[in-house]
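Below: the structure, in structure tokens.
The values are calculated or read from the model by the stated rules, or taken from the named source; none is laboratory data. Not measured: the values here are computed from a predicted model. Cβ placement follows ideal geometry from the backbone for every residue including glycine, while neighbour counts extend to all protein chains displayed. When the accessible area is computed, the model is the full protein with side chains, heavy atoms only, and any ligands, DNA or RNA have been set aside. Shrake-Rupley method; radii C 1.70, N 1.55, O 1.52, S 1.80 Å.
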Amino acid sequence: MRVDAVRGHLDGLLLAVLENGPLHGYAIITAVQHRSGGALELRTGTIYPALNRLERLGSLRSSWETVGERRRRCYELTDTGQRNLAKERTAWDDFTIAIGAVLNPSSRGTA
């Protein structure tokens, strides 16, 4: 799937995979890829700026953890992030209904 296909939905994807608990960057990439059945492959150059922006906006908080000799930053949802995820889901539902009505008008009984 084209990278630009997720444009506008990246925040929702990141918030959704963090809903079940904290993850580090590579685990976030892997979770998105796994949940999408391999259709979505995010790049580090895409997610880290988005994670930093979401943290500045108060949707995420991060902390450093050490695993063996390596340090990695873990991200988790804040209460604001939970609310923003709910808004993203509502916006996505509205978007898919509208696009579906245009692409598949016969399924809605209209022409």
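Things to note:
- Segment 3-75, accessible surface, carbon-and-sulfur percent (1.4 angstrom probe): 49
- Computed from the Cα positions only, the extents of the chain along the three principal axes stand at 61, 28, 21 Å, in decreasing order.
- Using equal-weight Cα scatterers in the Debye expression, the normalised intensity of segment 1-62 in log10 at q = 0.23 Å⁻¹ is -0.96.
- Förster radius 35 Å - calculated FRET efficiency between Ala98 and Thr78, Cβ distance, rounded to 0.05: 0.70
- Relative to the dominant Cα principal axis of the chain, helix 79-103 is inclined by about 30°.
- Top of Glu65, Glu76, Glu55 by mean-square fluctuation, Gaussian network on the chain, Cα under 10 Å: Glu65
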